[in-house]
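The values are calculated or read from the model by the stated rules, or taken from the named source; none is laboratory data. The structure displayed is predicted, hence computed values, not measured ones. A quick note on method: Cβ atoms are made from the backbone with ideal geometry, for glycine too, and the neighbour counts reach across all protein chains shown. Accessible surface is based on the protein model in full, side chains and every heavy atom, while ligands, DNA and RNA are left aside. Shrake-Rupley method; radii C 1.70, N 1.55, O 1.52, S 1.80 Å.
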Amino acid sequence: RNGIYPLMNFAVSRPHALPRALSQPQEDPQKAKTPTPEPFDVETRKVVQMQCNMELNEDKSQWHLTLLLILEDKLHRQLSYDLL
């Protein structure tokens, strides 16, 4: 919403340990409520120029990804993330 969007790694390197619970009664699917997503502003600015750079770190254990986006209103957005 504020224009700060971190890059996220969607794959988990190891599964999370979930505590085991006793079996719970099945809920009626019609009664189950899903949370309403928070409304968000739609981005209308266009990307004029885009640059991607990947570099191997000095210890050669992970990559560093940098994205540079230049939007039509001359705003520069640089996003970076370390990848294993």
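Return a yes/no flag: does the range 60-73 have any residue that is at pLDDT 90 or above and among the hydroxyl-bearing types (S, T, Y). Checking the range 60-73: at least one residue is at pLDDT 90 or above and among the hydroxyl-bearing types (S, T, Y). Close Cβ contacts (under 9 Å, 6 or more residues apart or on different chains) running from residues in the range 42-61 that are basic (K, R) to residues that are surrounded by 10 or more Cβ atoms within 10 Å (Cβ to Cβ) and at pLDDT 90 or above comprise R45/L71; R45/E72; R45/L75; K46/L71; K46/E72. Restricted to the range 57-82, and to residues there that are touching a strand residue (DSSP E or B) at 6+ places or on another chain (Cβ under 8 Å) and among the polar types (S, T, N, Q), the residue that is most open to solvent (accessible area, probe 1.4 Å) is Q78.
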